[in-house]
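The values are calculated or read from the model by the stated rules, or taken from the named source; none is laboratory data. What you see is a predicted model, and the numbers here were worked out from it, not measured in a lab. Don't worry about glycine lacking a Cβ; one is built from the backbone with ideal geometry, like all the others, and counts go over all protein chains shown. Protein only, heavy atoms only, side chains kept; ligands, DNA and RNA dropped before computing areas. Shrake-Rupley method; radii C 1.70, N 1.55, O 1.52, S 1.80 Å.
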Amino acid sequence: MGTLYDWVKIIHILSIITWMAGLFYLPRLFVYHTQVAPGSEASDKFALMEHRLLKYIMNPSIVAAWVFGLWLTVLIPDFWTQGWLHVKLLCVLLMSGFHGMCAAWRKKFAAGANRKSETYYRVANEVPTILLIVIVVMVIIKPF
Ligand code: HEM
């Protein structure tokens, strides 16, 4: 019923899906959050949604993506000598940095102290998309 490697990869891919879902949705919530008055009922609702998305979905998912991704490299250590994993991990580090920025922006909104515009978050929303495309091409094609 599948090798250990298969099951570690299954959990790796599932955790990536939930992490990406949060990375696509949270900046979108920020876009709508800029459209309501700080301290308003709507703003409090957005703050609650952003807090729960980050705490209960995105944070556990980023930890699982790293743990099971690195576990795959322990099972096949040769991967560390391959360029595709180096490019992939650079993109994953940038993706993790973006996750951290989302956490900082969430805190600003919760404190009613966001100063960034709706357009800023619309552009920011594209970052995970671009990184995801590069990551998936690297891991499936393994060009180098
Ligand atoms: C967090 C650090 C990560 C590490 C160390 C890592 C490492 C790996 C490794 C070693 C594999 C196995 C490759 C193979 O069996 O051919 C793999 C598979 C995969 N990874 Fe990651 N990964 C990480 C994060 C991510 C992220 C963030 C994404 C997407 C956003 C991603 C997407 C995938 C996909 C789609 C596969 C399946 C590839 C296949 O079945 O051929 N990984 N990962």
(Q) For 40, 117, 61, give me the order by solvent-accessible area with a 1.4 Å probe, most accessible first, ignoring ligands, DNA and RNA. (A) 117, 40, 61
Q: Measure off 7 Å from each Cα along the Cα-to-Cβ vector at residue 24 and residue 37, then give the distance between these two points in nanometres to one decimal.
A: 3.5 nm
Q | Helical contribution to [θ] at 222 nm, DSSP H n ≥ 4, -39,500 (n - 2.57), averaged over the chain, rounded to 500 | A | -25500 deg cm²/dmol
Q. Under 20 Å from a point 7 Å along the Cα-to-Cβ line of residue 117: which residues of segment 28-45 have their amide N that close?
A. 28-38
**Q.** Given 55/116; 9/45; 55/142; 45/88; 9/107, the pairs whose alpha carbons are separated by over 25 Å
**A.** 9/45; 55/142; 45/88; 9/107
Q. Got a sec? Charge dipole of segment 3-144, +1 on Cβ for Lys and Arg, -1 for Asp and Glu; which of 111, 22, 56 is way out at the positive end?
A. 111
Q | At 1.002 mPa s and 20 °C, Stokes diffusion of segment 4-141 via Kirkwood alpha-carbon radius, µm² per second | A | 134 µm²/s
Q. Kyte-Doolittle mean at least -0.5 and Cα extent at least 18 Å along the axis: which DSSP H helices of the chain qualify?
A. 4-33, 59-75, 83-110, 127-141
Q. Given springs between every Cα pair under 10 Å in a Gaussian network model of the chain, which of 103, 111, 124 has the largest fluctuation?
A. 111
Q: Roll a 1.4 Å probe over the protein chains and send me the accessible area per residue for the chain in Å².
A: 57 Å²
Q. How long is the gain from residue 94 to residue 66 if the chain were fully straight, where each residue apart is worth 0.36 nm and the alpha carbon distance is subtracted?
A. 8.8 nm
Q: Give me the number: length gained by fully extending residue 78 to residue 14, i.e. 0.36 nm times residue separation minus the C-alpha to C-alpha distance, one decimal in nm.
A: 20.7 nm
Q.
Give me the dipole magnitude in Debye, nearest 20, for segment 4-141 about the Cα centre, with unit charges on the beta carbon: positive for Lys and Arg, negative for Asp and Glu.
A. 360 debye
